[in-house]
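The values are calculated or read from the model by the stated rules, or taken from the named source; none is laboratory data. All values reported here derive from a predicted model rather than from experimental measurement. All Cβ positions, glycine included, derive from the backbone under ideal geometry; neighbour counts span all protein chains shown.
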There are 2 protein chains.
Amino acid sequence: MDTFAARGYHNAPIQEIADRAGLTQAGVLHYFRTKAQLLTGVLELRDQSGIEQLGPDRPRGTEFLRHLVDTARRNAEREGIVRLYAVLSAESVTEDHPAQTYFRDRYTGLRAFVADALREAGGLAEDDARVEPAANAIIAVMDGLQVQWLLDPGSVDMAVSTELALDSLLTALAPDRFPAGG
Amino acid sequence: MDTFAARGYHNAPIQEIADRAGLTQAGVLHYFRTKAQLLTGVLELRDQSGIEQLGPDRPRGTEFLRHLVDTARRNAEREGIVRLYAVLSAESVTEDHPAQTYFRDRYTGLRAFVADALREAGGLAEDDARVEPAANAIIAVMDGLQVQWLLDPGSVDMAVSTELALDSLLTALAPDRFPAGG
């Protein structure tokens, strides 16, 4: 995880990963047959500690949305995981990247979770056309803040910006339930 | 630009760039002595067409903020530039990346521009503590949407989400000037 976070996938030497794990390169490739499979393994391990893992039992509505702000707050204490995701999610759009499907599917799932939570929190209709753009924006603001924070942690408070954007969007979508300044 | 956008910096072969430019590898390195200098040249060229170039004569206040939405709309017609910035800005947080200072300075400048525009548009005090988190969030939402859009263009409308987030934040910060639903 540290090597992929510090170098990206393409630039990560298997030898460095082997050294850190106290294995030979052949040893690493015994457990993970290719570098791409090693990356997949890292991403799956990461999933177990994050919101990606939230299934049918995840918190709903407002509780889920507050959970996103808590995640942004916790992320400021775990730079390695933030770096891993910021670097790999953007790198995944490059040609033939082994994590491209992983990130496409991850965003599809996250967008649906956040859209569901917005509808429940705001009491909004299934066909409210503002819900999906708002969900995409909430996920985007969390991602974009990570890159700014990694480059200049003293100038960016991920939790404060995430909460401000989320509260503003909730007031815009459902002012009766989330009045301004509330 | 196409090669760095498609592969990222570390994984971009100078030979491919030379082939596309109709030069030998030695020819490329005659004009740009290192791969890092070639990347810097690409980023400086890009600057001339983007909001990064906006100086003291840039539009102010609300006009500047609308310009951001227009940029998001235009970006949907120029995938190459979006890909270049999405890939390189995130890759820049990796160790010893040659564009790290470029992106850190770029975000510092953009955050100040957007914060100024928010204060002017909303008639907000210089010391209003919500302005900087809101500015960071606006830049973040634009960046984060790019990665989602590159992975799944049919599911993300960058301009619609950017405008919704911007309008919601303006209403939250200055409801007298930007009333809900206005």
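Out of the residues in the stretch B:129-138 meeting the condition of being of a type in the set (A, V, I, L, M) and surrounded by fewer than 24 Cβ atoms within 10 Å (Cβ to Cβ), tell me which one is farthest from the chain's Cα centre (by Cα). Working first, answer last.
Filtering the stretch B:129-138 down to residues of a type in the set (A, V, I, L, M) leaves B:129, B:131, B:134-135, B:137-138.
Still in the list and also surrounded by fewer than 24 Cβ atoms within 10 Å (Cβ to Cβ): B:129, B:131, B:135.
Working: B:Ala129: 24, B:Val131: 19, B:Ala135: 13 Å.
Among residues in the stretch B:129-138 that are of a type in the set (A, V, I, L, M) and surrounded by fewer than 24 Cβ atoms within 10 Å (Cβ to Cβ), the one farthest from the chain's Cα centre (by Cα) is B:Ala129.
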Residue under question is B:Glu126, and the condition is that it be more than 9 Å from every other protein chain (Cβ to nearest Cβ), charged (D, E, K, R) and either without any contact (Cβ under 8 Å) to a residue 40 or more places away in the chain or part of a helix (DSSP H, G or I) (or both); does it hold? yes
Answer from B:Ala117, B:Ala174 - the residue that is over 23 Å from A:Pro153 (Cβ atoms) and over 17 Å from the mean Cα position of the chain (by Cα): B:Ala174
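Can you tell me which of A:Ala18, A:Ala6 is part of a helix (DSSP H, G or I) and modelled with pLDDT of 95 or more? Break it down stepwise before answering.
Working: A:Ala6 fails: modelled with pLDDT of 95 or more.
Result of the check over A:Ala18, A:Ala6: A:Ala18.
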For the stretch A:77-89, state whether one or more residues are outside any helix (DSSP H, G or I), modelled with pLDDT under 95 and not polar (S, T, N, Q). yes
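Can you say whether A:Gly41 is closer than 29 Å to B:Phe4 by Cβ, modelled with pLDDT under 90 and surrounded by fewer than 17 Cβ atoms within 10 Å (Cβ to Cβ), as far as the supplied structure shows?
Numbers: closer than 29 Å to B:Phe4 by Cβ: yes; modelled with pLDDT under 90: yes; surrounded by fewer than 17 Cβ atoms within 10 Å (Cβ to Cβ): yes.
Against the criterion (closer than 29 Å to B:Phe4 by Cβ, modelled with pLDDT under 90 and surrounded by fewer than 17 Cβ atoms within 10 Å (Cβ to Cβ)), A:Gly41 qualifies.
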Taking the stretch B:143-154 and keeping only residues that are out of contact with any Lys or Arg (no Cβ under 7 Å at 6 or more places or on another chain) and either more than 7 Å from chain A (Cβ to nearest Cβ) or in a loop (DSSP other than H, G, I, E, B) (or both), one is left with B:Gln146, B:Trp149, B:Pro153, B:Gly154
Quick one: count up the residues across the stretch A:15-38 that are under 25 Å from the mean Cα position of the chain (by Cα) and surrounded by fewer than 16 Cβ atoms within 10 Å (Cβ to Cβ). 3
Among the candidates B:Asp176, B:Asp143, B:Asp152, B:Asp157, residue that is of a type in the set (D, E, K, R) and over 19 Å from B:Arg74 (Cα atoms): B:Asp176
